[in-house]
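Engineer: The structure's right below; bear with me while I get my questions together.
The values are calculated or read from the model by the stated rules, or taken from the named source; none is laboratory data. Every value quoted in this text rests on a predicted model; they were computed, and no experiment measured them. As a convention, Cβ positions derive from the backbone with ideal geometry for all residues, glycine included, and neighbour counts pool all protein chains shown. All accessible areas refer to the heavy atoms of the entire protein, side chains included, with ligands and DNA or RNA removed. Shrake-Rupley method; radii C 1.70, N 1.55, O 1.52, S 1.80 Å.
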Amino acid sequence: MNSGPNPDIDTAAMALHLADGRRLELSVMNYIGGVTALVVTGFALYRYQTGDINGAIINTVIVAILVLTLLLGRSRRFAPHALNLFGLTITASSLLSALLVSSNGLLWSFLVIWINCVILPRALAVGLNGLVIVALAITTRLFDSALEQISWITVALLMAGFGLIFTDQLRQQRRLLAEQATLDPLTGAGNRRLMQQHLEATVAERRRNANFSSTIMVIDLDLFKQINDNYGHEAGDRVLERFAASVRSALRLEDGLYRMGGEEFVVLLRGMSAVTAATALPELHERLSGSVPGPEGTIRFSAGAAILKSGEDWSRWLARADNALYEAKQAGRDRLVIAAGEPVPGL
């Protein structure tokens, strides 16, 4: 097995953060986009009736692009592109409205600056907001006086800066919440919630591709209760931290490590078939069991493994591995059993 850092858990937490953030961003886009489409439709009809054909055409194009963007946002695949398109659309709309239709576009620009900060990546938001501020600021005919021009520039810059600060803080808080929702605070391993998500995803992949096979291994530290009883929970916590770091360093990038609770961990080995597991898992057990120091000697563990079967759900898959762990414990500890058979030869 390839050794190296395992960013899988951090990646999953980030993915959850992005998913939660995208829901917020899409909600903003849907609300603002829907209201704007209705309002601009009204403007288009009014301008058409009053003979302002150019203004009516511009408003109609804006509405058409907004509707297309909202429809794209309903697709998970195209949602990120929809958000970017929405930012580009409202930016272009505010410029067209101010430069070609009416100076009332100056008022819309404040809302556009704020929305760009909320829904767009930082670099794109800065670029588009900078374009809006510069393009409108240098168009002196939009302002009745130099004082009005300076006042608008000042407010626009303040809104752009505050918007960036606000959204940066918001995204950091969402990232922290995502980590707390998916990570075990002591060991940094994934928690049960994240484990279930990954197992369900692995089962779904198996259903799509019959040749895709994966293995899970349930690990339980042998005689761990004695460490807590004899040396206190602080010593036990240090052992758990070291053990999790040791296991993580031995896993591949695509694998996952999760803490079930207490001294029990689950390892997800994506794409590992029964043939590979028969040789790789004993090697992994031999490498890791006894590698972590404890207050009474090195820490050893028992493990049960199960290869995902066709048509099996994640809970049954995990239960078979857990039953194999029980067999390993009953057979004398410090060994590995692959469900549902005898201990692997050599252990």
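Engineer: Looking at Ser103, Ser97 in this structure, which one is in contact with a helix residue (DSSP H, G or I) (Cβ under 8 Å, 6 or more places away or on another chain), surrounded by 20 or more Cβ atoms within 10 Å (Cβ to Cβ) and farther than 18 Å from Ser27 by Cβ?
Structural biologist: Answer to the selection: Ser97.
Engineer: I need every pair where a residue in the range 292-311 that is more than 14 Å from Leu325 (Cβ to Cβ) has its Cβ under 6 Å from the Cβ of a residue that is open to solvent by 70 Å² or more (accessible area, probe 1.4 Å) and modelled with pLDDT of 90 or more, sequence separation at least 6 or different chains.
Structural biologist: Once the first residue is more than 14 Å from Leu325 (Cβ to Cβ) and sits in the range 292-311, its partners that are open to solvent by 70 Å² or more (accessible area, probe 1.4 Å) and modelled with pLDDT of 90 or more give Val292/Arg242; Pro295/Tyr231.
Engineer: Taking the range 179-192 only, how many residues are at pLDDT below 90, open to solvent by 80 Å² or more (accessible area, probe 1.4 Å) and assigned to a helix (DSSP H, G or I)?
Structural biologist: 1
Engineer: Kindly indicate whether any position in the range 286-299 is open to solvent by less than 40 Å² (accessible area, probe 1.4 Å) and over 21 Å from Arg238 (Cβ atoms). Talk me through it step by step, then tell me what you get.
Structural biologist: Filtering the range 286-299 for residues open to solvent by less than 40 Å² (accessible area, probe 1.4 Å) gives 288-290, 292, 294, 297, 299.
Subsequent filtering for residues that are over 21 Å from Arg238 (Cβ atoms) retains none.
Among the residues of the range 286-299, not one is open to solvent by less than 40 Å² (accessible area, probe 1.4 Å) and over 21 Å from Arg238 (Cβ atoms), which makes the answer no.
Engineer: Related question: Being open to solvent by less than 30 Å² (accessible area, probe 1.4 Å) and modelled with pLDDT of 50 or more is the requirement here; does Gly34 meet it?
Structural biologist: Yes: the conditions hold for Gly34.
Engineer: Quick one: in the range 232-254, which of the residues that are in contact with a helix residue (DSSP H, G or I) (Cβ under 9 Å, 6 or more places away or on another chain) and hydrophobic (A, V, I, L, M, F, W, C) is nearest to Pro185 (Cα to Cα)?
Structural biologist: Looking at residues that are in contact with a helix residue (DSSP H, G or I) (Cβ under 9 Å, 6 or more places away or on another chain) and hydrophobic (A, V, I, L, M, F, W, C), I get Leu240.
Engineer: Looking for something at pLDDT 90 or above, on the phi > 0 side of the Ramachandran plot and open to solvent by 10 Å² or more (accessible area, probe 1.4 Å) - is there at least one such residue anywhere in the range 303-317? Can you show your working first?
Structural biologist: Let us first name the residues in the range 303-317 that are at pLDDT 90 or above, namely 303-309, 312-317.
Then keep just the ones that are on the phi > 0 side of the Ramachandran plot; that gives none.
There is no residue in the range 303-317 that is at pLDDT 90 or above, on the phi > 0 side of the Ramachandran plot and open to solvent by 10 Å² or more (accessible area, probe 1.4 Å).
Engineer: Still on this structure: Taking into account only those residues within the range 200-215 that are part of a loop (DSSP other than H, G, I, E, B) and of a type in the set (Ser, Thr, Tyr), which is least open to solvent (accessible area, probe 1.4 Å)?
Structural biologist: Selected residue: Ser214.
Yes/no matrix, rows are residues, columns are (1) modelled with pLDDT of 95 or more; (2) among the β-branched types (Val, Ile, Thr); (3) farther than 16 Å from Trp317 by Cα:
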{"position": "Ile227", "(1), (2), (3)": "no, yes, yes"}
{"position": "His233", "(1), (2), (3)": "no, no, yes"}
{"position": "Gly236", "(1), (2), (3)": "no, no, yes"}
{"position": "Arg248", "(1), (2), (3)": "no, no, yes"}
{"position": "Leu251", "(1), (2), (3)": "no, no, yes"}
{"position": "Gly261", "(1), (2), (3)": "no, no, yes"}
{"position": "Val266", "(1), (2), (3)": "yes, yes, no"}
{"position": "Gly271", "(1), (2), (3)": "no, no, no"}
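Engineer: Also, quick follow-up: Pick out the one residue from Arg141, Arg175 that is open to solvent by 60 Å² or more (accessible area, probe 1.4 Å), in a helix (DSSP H, G or I) and closer than 24 Å to Glu25 by Cα.
Structural biologist: Selected residue: Arg175, the only one of Arg141, Arg175 that is open to solvent by 60 Å² or more (accessible area, probe 1.4 Å), in a helix (DSSP H, G or I) and closer than 24 Å to Glu25 by Cα.
Engineer: Checking the condition open to solvent by 10 Å² or more (accessible area, probe 1.4 Å) and either closer than 27 Å to Phe166 by Cα or touching a residue at least 12 places away in the same chain (Cβ under 8 Å) (or both), which residue from Ile53, Ile90 passes?
Structural biologist: Only one candidate passes the filter, namely Ile90.
Engineer: For the range 225-248, give me each residue that is crowded, with 20+ Cβ neighbours inside 10 Å, within 23 Å of Leu281 (Cβ to Cβ) and out of contact with any strand residue (DSSP E or B) (no Cβ under 7 Å at 6 or more places or on another chain).
Structural biologist: If the condition is that a residue be crowded, with 20+ Cβ neighbours inside 10 Å, within 23 Å of Leu281 (Cβ to Cβ) and out of contact with any strand residue (DSSP E or B) (no Cβ under 7 Å at 6 or more places or on another chain), then Leu240 is the only one that fits.
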